[in-house]
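Below is one structure, written out as structure tokens, with a few remarks after it.
The values are calculated or read from the model by the stated rules, or taken from the named source; none is laboratory data. Here the structure is a predicted model, which is why all the values come from computation and not from measurement. All Cβ positions, even for glycine, are placed from backbone atoms using ideal geometry, and neighbour counts span all protein chains on display. Ligands, DNA and RNA are excluded from the accessible area calculation, which covers all protein heavy atoms including side chains. Shrake-Rupley method; radii C 1.70, N 1.55, O 1.52, S 1.80 Å.
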Amino acid sequence: DAIVVLGGDGVGGDGTLGSSSLRRAIRGIVLHRQGLAPLLVLLGFGADTGDSEAAARADLARRLGVSSDAILTEAGASTTRQEAERIRDLLRPRGLRRILLVTDSQHMTRARGVFERAGFEVLPVPAEDEVLISSAKPEDRLQLFRWAALEFLARLYYRAAGYL
């Protein structure tokens, strides 16, 4: 029914998308351009204004050929749980319940659980950072470890809080 692209690392001071945000957005745009769902839902941090991550992603999608009518944005959420709640409120009135969920693989297990709990049938579509994953540089391996550790702690918290 829809492609839902979760927020990433936001927008820089110069208005450009961070690498995670850009990677996820491109993955969602490609899925839409392949005709896998008629609606592209772009989330992102920042107020619901023209300078949010979601707005920057929507602008990118339009420049890459996605019709404005096929794009929905949501910029008010700051956690995965809030994103799921807002998307539920946005898509349920339209009768949409099956989604392609785009996020990084280390975030997918938690995101999928939260969106399923919100009532969606979730088809996961990871947006990987192949360069970072295959890198032999110590700083890249350390970054991957940090991401994995933070995601592990976030899953523990979400389970303890009853979100999963």
Amide H to amide H under 5 Å from residue 39: which residues, 5+ apart in sequence or cross-chain, H placed 1.01 Å off N in plane?
3
How far apart, in nm, are two points set 7 Å out from the Cα along the Cα-to-Cβ line at residue 64 and at residue 123?
1.8
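Roughly speaking, to the nearest percent, how much of the chain's 1.4 Å accessible area is carbon and sulfur? Let's see the in-between values first.
Values: 4490 of 8370 Å².
Whole-percent figure for carbon plus sulfur exposure: 54.
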Using a 1.4 angstrom probe on the protein heavy atoms only, could you order 142, 17, 6 from most to least accessible area?
142, 17, 6
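With a probe of 1.4 Å, find how much accessible area the chain has per residue, and write the answer as a whole number in Å². The partial results should precede the final answer.
Working: 8370 Å² over 164 residues.
Value returned for the chain: 51 Å² of accessible area per residue.
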Rounded FRET efficiency, nearest 0.05, which uses the C-beta distance separating residue 143 from residue 97 and R0 of 35 Å
0.50
I need the Debye-formula profile for the chain: one equal scatterer per C-alpha, no solvent, reported as log10 I(q)/I(0) at q = 0.09, 0.16, 0.20 1/Å, two decimals.
-0.28, -0.90, -1.37
Starting from the amide H of residue 8, placed 1.01 Å from N in the peptide plane, find each other amide H under 5 Å away whose residue is 5 or more places distant or on another chain.
45
Residue-averaged 222 nm ellipticity for the chain, from DSSP H runs of 4+ at -39500 (n - 2.57), nearest 500
-15500 deg cm²/dmol
